[in-house]
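J.: Structure in structure tokens, see below.
Every read-out reported here was derived from the displayed coordinates using simple, explicitly stated rules and does not represent laboratory data. All values derive from a computational prediction rather than experimental measurement.
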């Protein structure tokens, strides 16, 4: 749900104390979410839990939503490592269609598991981040290019597939007060629909069809 966390170019190194404070705050935030739920996480409470000043929390995260964006970014980085370096079919080694299906299923599960954090990461004073699915779009674009099929305008197709994959979850999260994350049945149905969509899209053409 956030922008890319894979760095392009060499990032500027953080000071050791800044890195240590960041990890301390993230660990404290995860513990608070696990013990009390996202609703109870506040800037003041996080500062107290981590044993740091409130100013440090504000400098690191900016807003309460920034706390959850940082948690999500950290988990996104782990997810991306699985995609880029993990075992197939999610990671390299499987054919592109199989990887696309595996990616969609894993991504839907990831979004469901992070439902509460993703909701809390959305700043209600800012537009819903409908255009920030960069990693999914880039990955799907790459896989589409490796199918060997005569697919036209891969960039637009990757955008449409990204919307089909992540759009339903985004629309759900944008509702004022969803009572719970999508049920396992809904999650499985979305994953099955994704697989059907990919299989239909990448099915080799058998020749012209005629209808009577």
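J.: With a ≥ b ≥ c the root eigenvalues of the C-alpha gyration tensor of the range 72-116, is it rounded (a/c under 1.5), prolate (a/b larger than b/c) or oblate?
T.: oblate
J.: Quick check: residue separation of residue 74 and residue 196 times 0.36 nm, minus the Cα distance between them. What number comes out in nm?
T.: Extra length from residue 74 to residue 196 when fully extended: 40.9 nm.
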